[in-house]
Amino acid sequence: MNVFITGAAGGLGRAMAVECAKRGYNIVLTDCDEIHLVQIKNGLLRQYDINIEIIVCDLTNKEDVDTLIKKIDFLNLKFDMMLNIAGIDNEGAFMSRKYDQIGDIVKVNVEATLHITYEILNRRNTPFNIVFVSSLASQFPMPLKATYAASKRFLFDFALSLGVELKESKVSVLTLCPGGLATNPTVIEAIDAQGFFGKATTNRLEIVSRKTIQKALRGDTVYFPGVLNNLFRIFNNLLPRQMVANLIHRRWVKSQAKWLNTNNQSMANMVKTPITQNLETKGVI
Amino acid sequence: MKNQTDKLVIVTGSTSGIGFAIVLKLLESGYSVIGVGSKAESCQNAKIKITAQNPTAPVVFYNANLANQQEIYALAHNIKEYLTLNPNLKLHCLINNAGGVRDWYMTTSEGYEYQFALNHLSGFLLTYLMVPLLKDGIVIFTASSSHKHTRIHWQDIMFQKWYFVLSAYKQSKLCNVMTVKELNKRGIKAFAVDPGLVKTDIGNKGMTGITRWFWNIHKKSGTDPEVPAQTYVYLCNRPKSLGLYYYNSKIASYNKEVDKDSETMRLFALSEKLCGISYKERISS
C-alpha cells in the first residue's frame, strides 16, 4: 500500500503519517518544512519497517509541484491512497488582515489541493482512496473565519462531487470534518480560550487519525468526528443561516478577546500567529 | 557556604516550579548552574529574578524545547562549548527535571507521543550526550510516586489507541526510574527523586477545563518546591549515595517492575532505538 500525504511535517498530517506507518504502509510525505520532514522520517524509520520518501514542496508553487511529480515518476511510484492534509488558516476579521494572508488561504486550501490531487490521481492504482480535510467550519457561515470556512466548504462540496464522478473508476473519496484538534501547545491555548465549548468540540487526534483511515478504506464519504459536533451540525441545519452567523459571530468575538488578553505580549507576532488559531491543521503547506 | 563554583550542575525545566527551586538551592550551596527552559522569555525572567538578588550568581540559562530531539543536540553542543570556554568548570551533575502533562494526544517532531518524548526520551538522550563530560559526575531524574501504580504498556507504548493523560504520565515516570536502574548497571551513577506533591504549575500548562480545575484544588495540599529541592542538593553533595530512589533525602521504595531486568532492558533498548543512539558504543569509545 503506497500512501501520499501532504502537510506531513506537523499537526494532523504528522499524526496521519504515524498511523499509516503503524499499519505498515509505505508513505511519501510532502511539506514545505524540510527540517521537520526529516525528523518525522527518522522517527518513523526507527519504529517501523517501511519505505518512506520525503519530498520538500511548496504546493502553491507550480515549479515545486513539477519537480515533485518528476521525482515521483523517476521513482516510478503509483499510489493506493492520498491524504490531502495541507491547509492554513490566517484568519481574523477580513479587513484586519493583509490581502496576501487572505489570498493564501484560498491558494493553499483550494488551488494547491486541486493541483496535487489532479497529479496524484493520474498516478493511481485501482482501487484508490482520497481523503480531503475539510472542517466542521465548512458547515456554518463563519464571521471572522469567513474565507477559511468558505475554502473548507469548497473542499466539502468538491469532494462529494468528485466521489460521484470517479465512483465507476473505483476511486472513493472521504471528507473529514473535524472540530478542533489539539496538535500543539499553541492550539491548546486557543482551545482553552474558547472555554467549555472549545474543549467539547475538540476531537481526539489519535482517534481521528485511526478512524479516518478505517472509514476511507470502508468507502465512507463523510466523517464528522464527535457526537457533539454532529449535534451542532444537525441543529445548524434547522436554523436560518443568518441567525447561525450572528450566533457564531458573538462567540468568536468573545473568545478572541480572551485569547488576545492572555497573549497581549505577543501582539507583534499576530501576523504570524493568527488571532483565530488554526484548529484543524497546523499551518503547513 | 562551601566554595565549589568549579562544580557545574545542569538543571532542565528550571525556569519555574521544582527546577527553579533547585537552581536557587544549588546556588546557595555554592555550585555553578546551567538552567534550561523551553521558552526564551521564561529563561530571561528566571535569570533576572536570580541576578536581582545576587548580580554575580554563577548561572546561565539556555533555551531549548526538549520534546524536539534536534534541539537536545543543539543544547548539548552549546553546553560543550560553554565548558570549553570555561575550562575551570567540571560537570558535576545533570538533573533531568523537565517534564509536563498534556491533556491531549500530541505528536512530537519525531512523531512520538508528547509526554513519552518529553518526560522520558529527552532525559535519556541528553544524559547520553553528557556522559563524556560527566566522567565521575552523577545524573538525577525527577520521577514521581505515581510511577508505582502502573507498568509499561508494551502493546501501545505511545497510547495511540486511547490516550489518557495520567496513564501516559505515570508510565513516563516509571520509565525514568527504569532508566536510572539501567544507567547504574552501565557504570553511570544515577538517582531518581520523588518530589512528592508540590505546588507547581505542571497541571496548568497545556491543560484545559476539568483537569486544570482538579489540579488547582489538588496542588493546594502540596509542599512548596523548596522542600523537594533539598533532596537534589543532598544528592549533589553526596554523589556516592547508595540508593536509587529518594524521597525527602531518604531512600524510598519504588515499583517492583523496576527490578525486572527483562522490563528495564527492553525499555532501554527501545529508548536507544527511538533516539537513534547506543550507550554501549559511546562508553567503549
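The values are calculated or read from the model by the stated rules, or taken from the named source; none is laboratory data. For clarity, every value in this text was computed on a predicted model and none was experimentally measured. Cβ placement follows ideal geometry from the backbone for every residue including glycine, while neighbour counts extend to all protein chains displayed. Just so you know, the surface numbers come from the protein's heavy atoms only, side chains and all, with ligands and any DNA or RNA stripped out. Shrake-Rupley method; radii C 1.70, N 1.55, O 1.52, S 1.80 Å.
Annotations
- Any chance A:GLU189 is surrounded by fewer than 21 Cβ atoms within 10 Å (Cβ to Cβ) and modelled with pLDDT of 90 or more: no
- Residue that is in contact with a Leu (Cβ under 6 Å, 6 or more places away or on another chain), open to solvent by 40 Å² or more (accessible area, probe 1.4 Å) and either free of Cβ contacts under 8 Å to residues at least 24 places away in the same chain or among the charged types (D, E, K, R) (or both), where the choices are A:ARG46, A:ARG23: A:ARG46
- Filter result (part of a helix (DSSP H, G or I), among the aromatic types (Phe, Trp, Tyr) and open to solvent by less than 10 Å² (accessible area, probe 1.4 Å)) within the range B:80-131: B:PHE116, B:PHE124
- Only listed residue being over 25 Å from B:SER14 (Cβ atoms), surrounded by fewer than 17 Cβ atoms within 10 Å (Cβ to Cβ) and modelled with pLDDT under 95, chosen from B:HIS153, B:HIS218, B:HIS149: B:HIS149
- The set of residues from the range B:193-210 being closer than 21 Å to B:THR179 by Cβ and either modelled with pLDDT of 85 or more or more than 16 Å from the chain's Cα centre (by Cα) (or both) comprises B:VAL193, B:ASP194, B:PRO195, B:GLY196.
- A:ASP58 being part of a loop (DSSP other than H, G, I, E, B) and touching an Asp or Glu at 6+ places or on another chain (Cβ under 7 Å): yes
- Inside the range A:104-142, residues that are out of contact with any strand residue (DSSP E or B) (no Cβ under 9 Å at 6 or more places or on another chain) and either over 29 Å from A:ASN237 (Cα atoms) or open to solvent by 40 Å² or more (accessible area, probe 1.4 Å) (or both) make up a count of 9.
- Verdict on A:ASN76 being surrounded by fewer than 20 Cβ atoms within 10 Å (Cβ to Cβ), of a type outside the set (Gly, Ala, Ser) and touching a residue at least 12 places away in the same chain (Cβ under 8 Å): no
- Residue match in the range B:98-115 (condition: within 12 Å of another protein chain (Cβ to nearest Cβ) and within 24 Å of B:LYS280 (Cα to Cα)): yes
- Taken over the range A:202-222, the criterion of being away from every other protein chain (no Cβ under 12 Å) and of a type in the set (S, T, N, Q) is satisfied by A:THR212, A:GLN214, A:THR221.
- Filter pass, B:TYR163 being surrounded by 20 or more Cβ atoms within 10 Å (Cβ to Cβ), of a type in the set (Ser, Thr, Tyr), more than 14 Å from chain A (Cβ to nearest Cβ) and closer than 30 Å to A:THR186 by Cα: no
- Of the residues making up the range A:136-154, those that are farther than 18 Å from A:ARG97 by Cβ and modelled with pLDDT of 95 or more are A:ARG153, A:PHE154.
- For B:GLY209, the conditions (1) in contact with a Lys or Arg (Cβ under 6 Å, 6 or more places away or on another chain); (2) open to solvent by 20 Å² or more (accessible area, probe 1.4 Å); (3) more than 14 Å from chain A (Cβ to nearest Cβ) all hold with the exception of (3).
- 2 or more residues closer than 14 Å to B:ILE140 by Cβ and not acidic (Asp, Glu): qualifying helices (runs of 4 or more DSSP H) within the range B:218-285: B:226-237
- The one condition from (1) modelled with pLDDT of 95 or more; (2) under 30 Å from B:ILE277 (Cα atoms) that B:ILE50 does not meet is (2).
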